[in-house]
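Colleague: So that we are looking at the same thing, I have put the structure below in structure tokens.
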Amino acid sequence: MSKKGFFGNWGGAYIPEVLNQTFRQLEAEYGRARQDPSFWQEYTALMSNYSCRPTPLTYAANLSRHFGGAQIYIKREDLNHTGAHKANNVMGQGLLVKRMGKKRVIAETGAGQHGMATATMAAKFGFACTIYMGEVDVRRQRPNVFWMEKMGATVVPVKDGSRTLKDAINEAFRDWVTNLDDTHYVFGTACGPAPFPEMVSWFQSIIGQEAARQILEQHGRLPARVYACVGGGSNAMGVFQGFLGDDVELVGVEAGGHGLDSGRHASRLCGRDASPGVAQGYKSMFLQNEDGQMLETHSVAAGLDYVGVSPILSDLADKKRVRFESATDQEVIAALDLTMRLEGIIPALESSHAFVQAFKEAPELPQEAAIIINMSGRGDKDIFTIAHAFDDPSWKEFIIARAEEYRK
């Protein structure tokens, strides 16, 4: 960071005065944790015995043969507890909440995976829990909503604005401002006011640390490229941190939606519709109009459907350390289909964006090279969206039949 809370020109903590004391407390506790080796040891032990870490780095032999270029490896964050990388950040923040002596946690969620992970952490540590989720996302991620509620969390559908992730974040901040004494906001991605971008990235760095060791053990040398999808940026920052100091190309893949010229996408760093701005407590690139009003976003993947992006990634884009591309909804479904059929692996729709770009570029690399795709989560949460995209007739029959049963 160039100055406190900033990464180059991006970041900061643009917060109301009422939050200053709470943020000072959080910064102090986070700072002590970073200086305490026993904290990271406690964290890694927790992730090992509760969340299946280290997650495997799977060699995708069939996909590698299919494309005939680089050897394809998949970092399996889908095998993390709750089915995504989100548990890494949430469990770390949970340990900080215990240190601060707070009894309640709140969170925002888009795809539901962060909400699911937060509800899990709250159940384990005995915290009260409220999850804010856009009404649109509640509908398309109903399985995750079901499990959050069964673990004791209160799920609040947000009906303001576009009823997606940015609106859930706004509502969570409103809650926090009125419940500062006993509540911690478990921010879900590497965005928001400092210290959240750095803190979330720190907890997620366990992905890249593992992946760097694993690729050397399995392939004998570092990969040529590492791919990750980019919504807010937590899974991308997680895996990229294992390779930032190496001669490895890092590729972030944003949501291209219906295409970058359609106005129906969520691409901030590789499109033309984003500009610098300050929103939700930090400075970064946002999809906004000339008056600074946030634009409507779209992605088939609920977790990428966000107007902003991590200030750390905005800085890495400025420095050209990370290359950013986009994948359309149609490309995402095709990549998901191919991965399921050839490897028996079901990536989340978010993760499938990274697969799209890796599949495009793998054939251009020599066979002795390796690439890593960070599979940030599993696709079972997306079954309603995926089945609709495939226009599966048996699924339609099943849904209609179950609806008729419930009406009886």
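The values are calculated or read from the model by the stated rules, or taken from the named source; none is laboratory data. What you are looking at is a predicted structure, and each value in this text was computed from that prediction instead of being measured. Neighbour counts run over all protein chains shown; Cβ positions are idealised from the backbone, glycine included.
Colleague: Quick test for you: out of Ala327, Ala403, Ala317, pick the one residue that is aliphatic (A, V, I, L, M), part of a helix (DSSP H, G or I) and assigned by TED's automatic domain parsing to the domain that holds Asp273.
Modeller: On the way: Ala327 fails: part of a helix (DSSP H, G or I); Ala403 fails: assigned by TED's automatic domain parsing to the domain that holds Asp273.
It is Ala317.
Colleague: Are any residues in region 274-288 modelled with pLDDT under 95 and farther than 14 Å from Lys166 by Cα, and if so, which ones?
Modeller: none
Colleague: Next up: Does region 104-119 include one or more residues that are under 18 Å from the mean Cα position of the chain (by Cα), at pLDDT 95 or above, crowded, with 24+ Cβ neighbours inside 10 Å and of a type in the set (Ser, Thr, Tyr)?
Modeller: yes
Colleague: Also, I was wondering about something else. Can you tell me which residues in region 1-20 are surrounded by 11 or more Cβ atoms within 10 Å (Cβ to Cβ) and assigned to a helix (DSSP H, G or I)? Walk me through how you get there before you give the answer.
Modeller: Step one: of region 1-20, the residues surrounded by 11 or more Cβ atoms within 10 Å (Cβ to Cβ) are 1-2, 4-15, 18-20.
Result: Val18, Leu19, Asn20.
Colleague: Hey, any hits in region 379-386 for a residue that's within 19 Å of Met237 (Cβ to Cβ) and either modelled with pLDDT under 95 or touching a helix residue (DSSP H, G or I) at 6+ places or on another chain (Cβ under 8 Å) (or both)?
Modeller: Just the residues of region 379-386 that are within 19 Å of Met237 (Cβ to Cβ), to begin with: none.
No, region 379-386 contains no residue that is within 19 Å of Met237 (Cβ to Cβ) and either modelled with pLDDT under 95 or touching a helix residue (DSSP H, G or I) at 6+ places or on another chain (Cβ under 8 Å) (or both).
Colleague: If you check Gly263, Gly277, which single one turns out to be small (Gly, Ala, Ser) and either part of a strand (DSSP E or B) or surrounded by 18 or more Cβ atoms within 10 Å (Cβ to Cβ) (or both)?
Modeller: Gly277
Colleague: Given the criteria closer than 18 Å to Gln71 by Cα and without any contact (Cβ under 8 Å) to a residue 40 or more places away in the chain, does Met340 qualify? Write out each step before concluding.
Modeller: Details: closer than 18 Å to Gln71 by Cα: yes; without any contact (Cβ under 8 Å) to a residue 40 or more places away in the chain: yes.
Yes: the conditions hold for Met340.
Colleague: Further question: Which one of Glu368, Glu296 is charged (D, E, K, R), surrounded by fewer than 24 Cβ atoms within 10 Å (Cβ to Cβ) and in contact with a Ser or Thr (Cβ under 7 Å, 6 or more places away or on another chain)? Can you show your working first?
Modeller: Details: Glu368 fails: in contact with a Ser or Thr (Cβ under 7 Å, 6 or more places away or on another chain).
Criteria check complete, one pass: Glu296.
Colleague: Return yes when Leu304 is outside the structural domain of His114 (by TED's automatic domain parsing), free of Cβ contacts under 8 Å to residues at least 60 places away in the same chain and farther than 25 Å from Lys3 by Cα and no when it is not.
Modeller: So Leu304 fails the test.
Colleague: List every residue pair whose Cβ atoms sit under 6 Å apart, with the two residues 6 or more apart in sequence or on different chains, where the first one lies in region 318-329 and is more than 17 Å from Ala354 (Cβ to Cβ) and the second, anywhere, is not basic (Lys, Arg).
Modeller: Listed by first residue and then by second, the contacts come to Asp318/Gly8.
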